[in-house]
1. Out of the residues in segment 4-47 that are among the hydrophobic types (A, V, I, L, M, F, W, C), open to solvent by less than 40 Å² (accessible area, probe 1.4 Å) and within 24 Å of Glu175 (Cβ to Cβ), state the one that is modelled with the lowest pLDDT.
2. As an exercise: evaluate Asn105 against (1) surrounded by 17 or more Cβ atoms within 10 Å (Cβ to Cβ); (2) in a loop (DSSP other than H, G, I, E, B); (3) touching an Asp or Glu at 6+ places or on another chain (Cβ under 8 Å); (4) not aliphatic (A, V, I, L, M) and give the number of the one condition it does not meet.
3. Filter segment 109-153 down to residues that are touching an Asp or Glu at 6+ places or on another chain (Cβ under 9 Å) and of a type in the set (Lys, Arg), then give me how many there are.
4. Looking at segment 9-34 only, could you name the residues that are in contact (Cβ under 8 Å) with a residue 12 or more places away in the chain, of a type in the set (Asp, Glu) and part of a helix (DSSP H, G or I)?
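The values are calculated or read from the model by the stated rules, or taken from the named source; none is laboratory data. The structure displayed is predicted, hence computed values, not measured ones. Using ideal geometry, Cβ is built from the backbone for each residue, glycine included, and neighbour counts are taken over all protein chains shown. Keep in mind that these areas ignore ligands, DNA and RNA; they rest on the heavy atoms of the full protein, side chains included. Shrake-Rupley method; radii C 1.70, N 1.55, O 1.52, S 1.80 Å.
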Amino acid sequence: RVLPTASQRADWGLPADKVLLCAFHQSYKISAEVFDAWCRILQRVPDAVLWLLDDNASATRELKKQVAYHGVPLDRVVFAKRTSHLNYRARLQMADLYLDTTPYNAGSTARDVLDARLPMVTLSGKTFISRMAGSMLHAAGVGELVTHSHTDYEDTVVALAHAPERIAQLKQTLELQ
């Protein structure tokens, strides 16, 4: 695995002193239930920022409305424009955790996330499409990041966001894979 050289968060317009939760999914994968969970996570982790893909102007407007609806300050959500694959892989390295979606889990994105040594929390379901990321996480030796309920998903993200040393251990485990 050859990764592009990691830069600094400031190069991407990101805060250096926050827990950076990344979710670069296409907008159609972000269900209301998943986005509600992400907003609850932001409420429970006051020093976290959610980093999303700005790939669809209409979807971005709606997501911003939902952030406001949940009472989360808009500056706690950062939107990133689509970029080259090389830059995309480089900026993944800036994040602390990757948040997967359900019922459509990350597929090729999960591979990129794990290659960037970025721990990803997923919610596994009963269908193939909702178990892809979990399968990759188990294969990478970090099966504890696979959850099986919305409550466990949120609690796992929140616990990790409050435990930077655990995130560092997970990144190290992924580096060895």
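1. First, the residues of segment 4-47 that are among the hydrophobic types (A, V, I, L, M, F, W, C): 6, 10, 12, 14, 16, 19-24, 30, 32, 34-35, 37-39, 41-42, 45.
Now restrict to residues that are open to solvent by less than 40 Å² (accessible area, probe 1.4 Å): 14, 19-24, 30, 34-35, 37-39, 41-42, 45.
Still in the list and also within 24 Å of Glu175 (Cβ to Cβ): 14, 19-24.
Working: Leu14: 89, Val19: 97, Leu20: 97, Leu21: 98, Cys22: 97, Ala23: 97, Phe24: 95.
Step by step, filter segment 4-47, then rank; the result is Leu14.
2. Only one criterion in (1) surrounded by 17 or more Cβ atoms within 10 Å (Cβ to Cβ); (2) in a loop (DSSP other than H, G, I, E, B); (3) touching an Asp or Glu at 6+ places or on another chain (Cβ under 8 Å); (4) not aliphatic (A, V, I, L, M) is unmet by Asn105, namely (3).
3. So the answer is 1.
4. Result: Glu33, single match.
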